[in-house]
Structures are given as structure tokens and as C-alpha cells.
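See structure below.
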Amino acid sequence: MEHTLPPMRQLTDTLRACGQLQAEDIRALAAEGVRTLICNRPDQEETDQPASEELADLARQLGLNWYYQPVITGQVTDEQGVEFGKILQQAEAPVVAFCRSGARCGTLWALSQKSVRSGEELVAELKRAGYEMPDFFKRLTG
């Protein structure tokens, strides 16, 4: 039986975002050619969540690059967005970023682009990728 990955949101040609990855997801992503994973979820948000260090070890064993940038849901700062942008600049593509639902990853990506794209453009890109975050959209355009 073929493994089904969690739903992916395509943010750019080389960046997708999704919800929590499991070990079998990381194996499938490595097999399809993903080169870098970014974990934006703090450990122990939920009791059944795999530990980031275990996932990092597996990713590295499979030859993937791993970045751990935990951010708290609903409290993503502009500075964290800038940091996410720095990670993306050095990350080998293609890249998959993940958190609980993928929303923090989309938020971080948009904040990383604020200095080079308008809020309206970013909202349009996020909507195209399947995000519906009206409060955050106001933050981008306000």
C-alpha cells in the first residue's frame, strides 16, 4: 500500500507547508526528492506528537537537511518571519515546512516576504495556497 502524505500547501515553486509529519511521511518525502525539512512546532504541544529530535535524526539518516524553528501558535513575530526567510535562503530545495496544521509555516513564509512584496500580494498567494486566515491577512495589509 502506498503511503499518503498529509495535505500539502504549495507556497512557492520550492516550498510546501503541511501539518505534523510522522516518520513514514519523512521517508516518503525523502523518496520523492525533498531536500530540507523545517519544523516550526514546539515539542510537547500535544501528547501524541513525535519528538522533533527523533524526526531530525531520521531526516538526517535519510540525507535530508533539518531546521528546528519552534514558534508558538498565535504568537508569531515579524522577527521569527525574518529568521524563517534566512533559513529558506540557505536551505537546499525542495523544502517542506511543517507545524500542527501548516498555518504557522504559511504565516512565517509571508512575514519573511514582507520587505519585498506587498501585503495584498502575500494575501493573494496565501489564499491561492489554500489558507484562510482573516486576522493574519489584516496584519499583512493593515
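The values are calculated or read from the model by the stated rules, or taken from the named source; none is laboratory data. Computed from a predicted model, the values in this text were never measured in an experiment. Neighbour counts run over all protein chains shown; Cβ positions are idealised from the backbone, glycine included. Just the protein is used for accessible areas: all its heavy atoms, side chains included, with ligands, DNA and RNA removed. Shrake-Rupley method; radii C 1.70, N 1.55, O 1.52, S 1.80 Å.
What the table shows:
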{"item": "Positive dipole terminus of the range 100-142, leading residue within Met133, Ser115, Cys105 (C-beta point charges)", "result": "Cys105"}
{"item": "Chain lengthening between Asp78 and Thr47 when straightened (0.36 nm per residue, less Cα-Cα)", "result": "8.3 nm"}
{"item": "Ranked by how many other beta carbons lie within 10 Å on average, peptides 27-33, 47-53, 100-106, 120-126 from highest", "result": "100-106, 120-126, 27-33, 47-53"}
{"item": "Cβ-derived FRET efficiency at R0 22 Å, Met8 paired with Glu132, nearest 0.05", "result": "0.85"}
{"item": "Antiparallel bridges, percent of DSSP beta bridges restricted to the chain (to nearest 5)", "result": "15 percent"}
{"item": "Accessible solvent surface per residue of the range 24-88, calculated while the other protein chains remain in place, 1.4 angstrom probe, Å²", "result": "53 Å²"}
{"item": "Share of carbon and sulfur in the accessible heavy-atom surface of the range 11-140 [1.4 Å probe, %]", "result": "46 percent"}
{"item": "Cα shape, the range 1-132, gyration tensor, a/c 1.5 rule", "result": "prolate"}
{"item": "CD proxy at 222 nm, helix term only [per DSSP H run n ≥ 4: -39500 (n - 2.57); per residue of the chain; nearest 500]", "result": "-12500 deg cm²/dmol"}
{"item": "Calculated SAXS-style log₁₀ I(q)/I(0) at q = 0.27 Å⁻¹ - the range 74-142, Debye, Cα scatterers", "result": "-1.44"}
{"item": "Total charge dipole magnitude, the chain, about the Cα centre, Cβ charges on Lys, Arg, Asp, Glu only, Debye to nearest 20", "result": "480 debye"}
